[in-house]
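As structure tokens, the structure follows; a few thoughts come after it.
The values are calculated or read from the model by the stated rules, or taken from the named source; none is laboratory data. Nothing here was measured: the structure is a model prediction, and the numbers come from that model. Cβ atoms come from the backbone with ideal geometry, glycine included; neighbour counts cover every protein chain shown.
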Amino acid sequence: MLITIIRTIILYIFIVFSVRVMGKRQISEMQASELVITLVIAEIASIPMENISLPLISGIVPTLILVGCEILASVGMLKWSKFRRIMCGNPVMVIKDGEILQDKMKSLRLTTEDLCVQLRQQGVFSINDVQYCIAETNGKISVLEKPNKRKPTADDMNIYIEDNGIEVVIINDGEILSNSVKLCETKEEIVLDIVNKNKLTVKDIFIMTMDRKGNYKIIRKN
């Protein structure tokens, strides 16, 4: 039993490392080749976990080969557009100038129900509001609404909006996040000074957010 636990932990660490090497992507953002590699790696790793008579190397070597193939494929897709098209395909326009391209829908085997679901996920609840819709190679869609349905921007309304940078969590559950402190272009000493001014300690704070201009919000622990 102990041997099984140790083997599982070793393989777990190795697979996590392998996936990190291949790059950060969520399942919904994976290209077909990336999804296949991930599924095959998971299947290969499960074999030596279940069968302790097999050496660990029988799961590690195939995984290394697959990771190497994926890295080479990624490099190839970066350098050669034709290779990328072969591996990933091309984006397909399914709505053009407000008209649904039925032949493109059929070629993608995309039903109107599926299209409507994805449109709603983009915040569009009527096909009549869409000017262009493109099915991307990762299975998601990109939508451009008709001009009269688009939200006006600050430029359209001649309004100046000050850039405060991004708001980041700099204290999470009583711990200062040094990387987040750098993101909002401040220092830990300044953060601690703000905490002290509020008569708190870092351990008292559940979440503290801050932006580049020094605007902050503190949520205390219950």
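Can you confirm whether the stretch 168-184 contains a residue that is assigned to a strand (DSSP E or B), in contact with an Asp or Glu (Cβ under 7 Å, 6 or more places away or on another chain), outside the structural domain of M105 (by TED's automatic domain parsing) and not acidic (D, E)? Scanning the stretch 168-184, I find at least one residue that is assigned to a strand (DSSP E or B), in contact with an Asp or Glu (Cβ under 7 Å, 6 or more places away or on another chain), outside the structural domain of M105 (by TED's automatic domain parsing) and not acidic (D, E), so the answer is yes.
Pairs linking a residue in the stretch 115-128 that is closer than 12 Å to K140 by Cα to a residue that is of a type in the set (D, E, K, R) and at pLDDT 90 or above, with Cβ atoms under 8 Å and 6 or more positions apart or on different chains, do not occur.
Number of residues in the stretch 191-212 that are in contact (Cβ under 8 Å) with a residue 24 or more places away in the chain and surrounded by fewer than 14 Cβ atoms within 10 Å (Cβ to Cβ): the value is 2. The set of residues from the stretch 49-93 being outside any helix (DSSP H, G or I) and touching a residue at least 12 places away in the same chain (Cβ under 8 Å) comprises I52, L56, G89, N90, P91, V92, M93.
Within the stretch 146-162, is there a residue that is in contact with a strand residue (DSSP E or B) (Cβ under 7 Å, 6 or more places away or on another chain) and among the polar types (S, T, N, Q)? Within the stretch 146-162, none of the residues are in contact with a strand residue (DSSP E or B) (Cβ under 7 Å, 6 or more places away or on another chain) and among the polar types (S, T, N, Q).
M157 satisfies every condition listed in (1) outside any strand (DSSP E or B); (2) surrounded by 14 or more Cβ atoms within 10 Å (Cβ to Cβ) except (2).
Can you pull out the residues in the stretch 128-149 that are surrounded by 14 or more Cβ atoms within 10 Å (Cβ to Cβ), assigned to a strand (DSSP E or B) and of a type in the set (G, A, S)? Within the stretch 128-149, A135 is the sole residue that qualifies. Residues in the stretch 94-127 that are surrounded by 13 or more Cβ atoms within 10 Å (Cβ to Cβ) and not in a helix (DSSP H, G or I): how many? Residues meeting the conditions: 9.
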